[in-house]
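Right, one structure below, let's go through it.
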Amino acid sequence: MTAELIARCRAGDADAFRELVEPFRRELLVHCYRFLGSMHDAEDALQETLFDAWRGLSAFEARSAVRTWLYRVATNRCLKVLRAAGRRPRMAIPGTNAAGLELPEPSAHGEVVWLEPCPDVLLDGVPDTAPGPEARYASKQAISLAFVTAVQLLPPRQRAVLILRDVLGYRAADVAEFLDSTEESVTSALKRARAGLRAQTSRCGATQPPPPPDSPCERQLVDGLTRAFESGDVDGVVALLADDVRLTMPPLPVEYLGREAVTRLLAAVFQRITRYRLVATRANSQPAFGVYLLDRHTVTWRATGLLVLTLAADRITAVTRFENSHLPRFGLPRTLPPDH
């Protein structure tokens, strides 16, 4: 059937091409997202990947599976995106956020990464198995914010090698062919990438595994945070945090490190605005919330951002706050009715 589809594709049958690539569309999107850290860029890269594949069908000799060939095309497309000049994060005015709040002095001005959240609904149907036995990460484990953030700080070639070897499980010889390189070069790049990943994930709150999704421990943390946040209880929120908690707000290049720094930030937020509503969702296989604040003039709840929690054991080890422009991807509205 695949050979027949390929023959029809080469004859210019666009419907056959769609049938050929459709089973891999979602996992290729996730692959591009891991690579680029941006859903917007990943969607663009996927479209370019499919265009490249359509245009390059004559060069596909069917020596490898269609899936492997598509991953090679997608990887090289993502490398082109990373090397393109002008790809930069959107910058915000230092000292403020989307709600117009003055922020306390951060603990550090972190390295800005191009980072957006990934809705869990996009992960449904993505296979959790690797094409080879050498993968170190399950596909959903390798979609966590800590992992994706750490990957964004690797050089492009190391990024490619790490994802292809440790996430997708391709052999070194396969990766060398993907990248028109040698096995020795791939092995060297992988060693450096693993060292860089370990250093970054340790500071991103990923040193211990999280509780299972929807487990009693996760539900207790999610429910506790919801109650404390909606009642403006700073102490209640802080009680759920790890001592070395890390709070970031992409694309702002600021970090609040440790309970004391995060407490100062929360106190500044709740001092001015005390009425919030949280709507639960999931991002990057982690608990997340659409955050809404009360407009006292219209008695309407207006979206102000998206919070994603990183959990370890029975504590919240990282909080990442994203702009409200991401809410539509999660099926969350910009406003909630007054009686919500």
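Here are the numbers for this structure:
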{"item": "Every pair of residues 6+ apart whose Cβ atoms lie under 7 Å, when the first sits in the range 103-127 and is over 30 Å from PRO23 (Cα atoms) while the second is assigned to a loop (DSSP other than H, G, I, E, B) and at pLDDT below 75", "result": "LEU103/GLY95; LEU103/ASN97; VAL112/PRO89"}
{"item": "Answer residue from the range 11-65, given it is among the polar types (S, T, N, Q) and surrounded by fewer than 22 Cβ atoms within 10 Å (Cβ to Cβ) and is nearest to LEU153 (Cα to Cα) among those", "result": "GLN47"}
{"item": "Residue within the range 214-221 that is within 30 Å of ALA268 (Cα to Cα) and in a loop (DSSP other than H, G, I, E, B) present", "result": "no"}
{"item": "Boolean, GLN286 is of a type in the set (S, T, N, Q) and over 20 Å from the mean Cα position of the chain (by Cα)", "result": "no"}
{"item": "For PRO287: the one exception among (1) of a type outside the set (A, V, I, L, M, F, W, C); (2) modelled with pLDDT of 95 or more; (3) part of a helix (DSSP H, G or I)", "result": "(3)"}
{"item": "Breaking point among (1) of a type in the set (A, V, I, L, M, F, W, C); (2) closer than 16 Å to ALA146 by Cβ; (3) buried (at least 18 other Cβ atoms within 10 Å of the Cβ), for ALA199", "result": "(3)"}
{"item": "Residue match in the range 266-282 (condition: surrounded by 19 or more Cβ atoms within 10 Å (Cβ to Cβ), in a strand (DSSP E or B) and among the small types (Gly, Ala, Ser))", "result": "no"}
{"item": "Single match in THR320, THR281, THR248 (criterion: modelled with pLDDT under 95 and either under 24 Å from PRO119 (Cα atoms) or touching a strand residue (DSSP E or B) at 6+ places or on another chain (Cβ under 9 Å) (or both))", "result": "THR248"}
{"item": "ASP243, sole failed condition from (1) in a helix (DSSP H, G or I); (2) at pLDDT 90 or above", "result": "(1)"}
{"item": "Residues (assigned to a helix (DSSP H, G or I), surrounded by fewer than 24 Cβ atoms within 10 Å (Cβ to Cβ) and in contact with a Leu (Cβ under 9 Å, 6 or more places away or on another chain)) located in the range 151-169", "result": "GLN152, PRO156, ARG157, GLN158, ASP166"}
{"item": "In the range 248-265, the residues that are in a helix (DSSP H, G or I) and either of a type in the set (Phe, Trp, Tyr) or without any contact (Cβ under 8 Å) to a residue 12 or more places away in the chain (or both)", "result": "GLU260"}
{"item": "Filtered residue count, the range 107-148, keeping only those that are of a type in the set (A, V, I, L, M, F, W, C), farther than 12 Å from ALA283 by Cβ and modelled with pLDDT of 80 or more", "result": "5"}
{"item": "Those residues of the range 227-240 which are surrounded by 18 or more Cβ atoms within 10 Å (Cβ to Cβ) and either in a helix (DSSP H, G or I) or not assigned by TED's automatic domain parsing to the domain that holds ARG275 (or both), in sequence order", "result": "ALA228, PHE229, VAL234, VAL237"}
{"item": "Residues being in contact with a helix residue (DSSP H, G or I) (Cβ under 7 Å, 6 or more places away or on another chain) and of a type outside the set (S, T, N, Q) - total across the range 277-292", "result": "7"}
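The values are calculated or read from the model by the stated rules, or taken from the named source; none is laboratory data. Small disclaimer: the values here were computed from a predicted structure and weren't measured. For neighbour counting, all protein chains shown are included, and Cβ atoms are generated from backbone atoms with ideal geometry for every residue, glycine included.
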